[in-house]
Amino acid sequence: MNENNSKAFLLTNSDYSYTNKLMSYLLNTPDRDWKSYFSYIVIDAQKPAFFGSGTILRQVNQKTGTLRIGSHIGPLKKGSVYAGGSCDVFSSMIGAKGKDVLYVGDHIFGDILKSKKYKGWRTFLVVPELNQELHVWTDKRELYDQLQYLDGLVSALYRNLDSSTKEIPNIKHLQKSIRGVSHEMDMSYGMMGSLFRSGSRQTFFAGQVTMYADLYSATFLNLLYYPFSYMFRAPPILMPHESTVEHIEGKPDPSESYMANRSRSVNEQDSFSDEVEAARPSKRRNSLVPHLRADTPRELTHLHDVPDSSSDTDDEDAEGKPTFALVTDLVK
């Protein structure tokens, strides 16, 4: 890291006695002390309060483990140990903030969410359970494919229905099958189920990982397999309205309604089981609901109110260009 103009810091909620014994066991060698691996060391940080108002930054007496009197003033020295402080004070002292920092932590709220949401740090979440998750996902992938297939059967039953339909499809047997496959898939992960998935749906934890963690892995040691100049990119994620659009060659017929894709023949899709075809209610051709949208207006339909001369003077700057204000929500 030093060769690539990067620095490492240790930020922990543990006190000095525990931190010193643990890090000595992990990193100490006969010719090197564990503190030499870090440019800055902060203990007793009291996260997540560290990313807010924080506490007073004080230096630690490494011989006794006690805190020195008064707040620390001046630059942070390599080899010294500090306690408390806040993210703002710490960032100003090390000369890095926001995207300059890649913070590695194992707590989704205290480490990742707060540092990302309030300080804009790059985040790396360590999830030790990920190894087991990957093994189960590899061995039991056919269960997820089966869930996708059952979801497709449910969609097929409702494909040609609208608000004028009187018949109600019978999906109880499909719901029972979905619950059975979901339970089998959850139990494959153990008694507590998966950390990231519940059946074909993601858990709340998985949503937080997606939103606040730039990277996540079973161990930060996986970074050793990438150069410092590597640019990590997440795979594209489609929203529900985007995933329903089929990208096919050729341009769509402009005369066709935007709702017409729902009434196309099922033969254009992969055919489903005979059971679904037998349970399908009446076709859309008997529907009483129109499927036309209004034509795009080809002429002005209304006029905006013209402000008076007094407001023009207030709303324009010296060059005669209107000024704008951006209003954002405040996070409490």
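Which whole-number percent is the relative contact order of region 98-188 (Cα, under 8 Å, 6+ apart)?
23
Student exercise: in region 48-128, how many lysine pairs 8 or more apart or on different chains have Cα atoms under 29 Å apart?
Counting lysine pairs in region 48-128 gives 22.
Let me know the volume per residue of the alpha-carbon convex hull for region 52-143, in Å³.
Given the Cα convex hull of region 52-143, per-residue volume reads 147 Å³.
What is the percent carbon and sulfur in the accessible area of region 81-211, measuring with a 1.4 Å probe over the protein chains and ignoring ligands?
After summing per-atom areas, the C and S share lands at 54 percent.
Return one whole number: the accessible area per residue of region 76-120 in Å², for a 1.4 Å probe.
Roughly 47 Å² per residue, with all protein chains present.
Whose amide H sits under 5 Å from the amide H of Arg197, counting only residues 5 or more places off or on another chain, with H placed in the peptide plane?
Thr203
Counting only the heavy atoms of the protein chains, how much of Thr55 is accessible to a 1.4 Å probe, in Å² to the nearest 10?
The accessible area of Thr55 comes to roughly 60 Å².
Take the solvent-accessible surface of the protein heavy atoms, probe 1.4 Å, and return the percent of it on region 17-57 that carbon and sulfur atoms account for.
Carbon and sulfur: 58 percent of the exposed surface of region 17-57.
All other residues with a Cβ under 12 Å from the Cβ of Val126 taken together, and with Lys, Arg as +1 and Asp, Glu as -1, what is their net charge?
So the surrounding residues net to -3.
Let me understand region 151-199 better: what is its radius of gyration from the alpha carbons, and its Dmax, in angstrom?
Final numbers for Rg and Dmax: 14.9, 45 Å.
When only DSSP loop residues count, what trypsin sites (Lys or Arg not before Pro) in region 1-71 have their Cβ near at most 15 other Cβ atoms within 10 Å?
Answer in residue order: Lys7, Lys63, Arg68.
With unit charges on the beta carbon (Lys/Arg positive, Asp/Glu negative), name the residue among Ile108, Tyr16, Ser86 whose Cα is farthest towards the positive pole of the charge dipole of region 1-118.
Looking along the dipole axis, the top candidate is Ser86.
Percent relative contact order of region 29-84, based on C-alpha pairs within less than 8 angstrom and at least six residues apart?
48
The values are calculated or read from the model by the stated rules, or taken from the named source; none is laboratory data. Since this is a predicted model, take the numbers as computed values, not measurements. As a convention, Cβ positions derive from the backbone with ideal geometry for all residues, glycine included, and neighbour counts pool all protein chains shown. Side chains included, ligands, DNA and RNA excluded: accessible areas come from the protein's heavy atoms. Shrake-Rupley method; radii C 1.70, N 1.55, O 1.52, S 1.80 Å.
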